[in-house]
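In what follows, a single structure is set out as structure tokens and then discussed.
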Amino acid sequence: MLYLIGLGLGDAKDITVKGLEAVRRCSRVYLEAYTSVLTVGKEALEEFYGRKLILADREEVEQEADNILKDADISDVAFLVVGDPFGATTHSDLVLRATKLGIPYRVIHNASIMNAVGCCGLQLYKFGETVSIVFWTDTWRPESFFDKVKKNRQNGMHTLCLLDIKVKEQSLENLIKGRKIYEPPRYMSVNQAAQQLLEIIQNQRIQGEEPGTQDPRRTLCVGLARVGADDQKIAAGTLQQMCTVDLGEPLHSLIITGGSIHPMEMEMLNLFSIPENSSESQSIDGL
């Protein structure tokens, strides 16, 4: 059987009892290592689980899934995912491949960023479509996701922004020359995401489009870092403040609030208000 097992968001101990039992009886255990990361490394997981882990990068999961599924019809194989197994569509593809090969599978769920963001006090059922914000390059600066942010705001819904992770990435030169040389890992911060959002708003105004905001500096946002870990941080403030707030180490996420905030939501957000000009963070203009 193929087991897809969620690890949760914090450290090695966030795995469920059911998940840990499955890991310990599997012949091979893969650790998906590109959609998210835990606050502890592979070695800490191996020590707690009592099993050796095989790192599975994007290329292996998306292009060489048969290696992961090999012999899973006659032995147990585990595929570990930070958060919940279905937080990324890649893992649905793995299930489809297994099914076509006649391999049974079982999913063991866990907490993911999709529901853990409720820790800031915003109501989960008031979230609209989730978006991803990627690192810009000199030649690639996508802005299309911003239409979804505006639509969510128009519908009074909050937007969860998942921020880019670059793990085992090659430079264009090394990719062209076929050299297996990889760039250092990079994780987008709330600061970088906020700066790109402000630039998108400015670009749309220059082009004569109405980005849907009267004053982006006053758009109420929530920055989150290392959700589920002991050193979790949450900061509520304006989009402008998000450009400079220090949330420390990755992983970061950003929430752009909806057009209307319930009083209880605002009361919770006040617990995390950025000290400087905290009154400004309560002034909500339309995005």
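Data for the structure
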{"read-out": "R0 of 25 Å, Cβ-Cβ distance K180-K42: FRET efficiency to nearest 0.05", "value": "0.80"}
{"read-out": "Residue-level accessible surface for M157, protein heavy atoms, 1.4 Å, Å²", "value": "50"}
{"read-out": "Distance between modelled label sites at D164 and E129, nm, 7 Å Cα→Cβ extension", "value": "2.0"}
{"read-out": "Angle in degrees between helix 190-206 and the longest Cα principal axis of the chain, rounded to the nearest 10", "value": "50"}
{"read-out": "H262, H109, H158, reordered so the largest accessible area comes first (probe 1.4 Å)", "value": "H109, H262, H158"}
{"read-out": "Computed lengthening from Q207 to E64, 0.36 nm per intervening residue step minus Cα-Cα distance", "value": "47.1 nm"}
{"read-out": "Considering only the chain, percent of DSSP beta bridges that pair antiparallel, nearest 5", "value": "45"}
{"read-out": "Accessible heavy-atom area order of Y34, Y105, highest first, probe of 1.4 Å", "value": "Y105, Y34"}
{"read-out": "Accessible area of the chain belonging to carbon and sulfur atoms, whole % at 1.4 Å probe", "value": "50"}
{"read-out": "Helix-only CD estimate at 222 nm, as mean residue ellipticity for the chain, using -39500 (n - 2.57) per DSSP H run (n ≥ 4)", "value": "-8000 deg cm²/dmol"}
{"read-out": "Mean accessible surface per residue for the chain, computed with a 1.4 Å probe while every protein chain stays in place, in Å²", "value": "50"}
{"read-out": "Separation of the R141 and H262 label points, Cα + 7 Å toward Cβ, nm", "value": "3.9"}
{"read-out": "GNM result for the chain, Cα springs below 10 Å: residue of R51, R28, R141 fluctuating most strongly", "value": "R141"}
{"read-out": "GNM top mover of I255, I133, I74 - the chain, alpha-carbon springs below 10 Å", "value": "I74"}
{"read-out": "Gaussian network model of the chain, Cα within-10 Å springs - most flexible of A98, A44, A22", "value": "A44"}
{"read-out": "Modelled FRET efficiency - R0 30 Å, L101 with D57, Cβ distances, 0.05 increments", "value": "0.85"}
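The values are calculated or read from the model by the stated rules, or taken from the named source; none is laboratory data. Since this is a predicted model, take the numbers as computed values, not measurements. For neighbour counting, all protein chains shown are included, and Cβ atoms are generated from backbone atoms with ideal geometry for every residue, glycine included. In case anyone asks, the SASA skips ligands and DNA or RNA and just uses the protein heavy atoms, side chains included. Shrake-Rupley method; radii C 1.70, N 1.55, O 1.52, S 1.80 Å.
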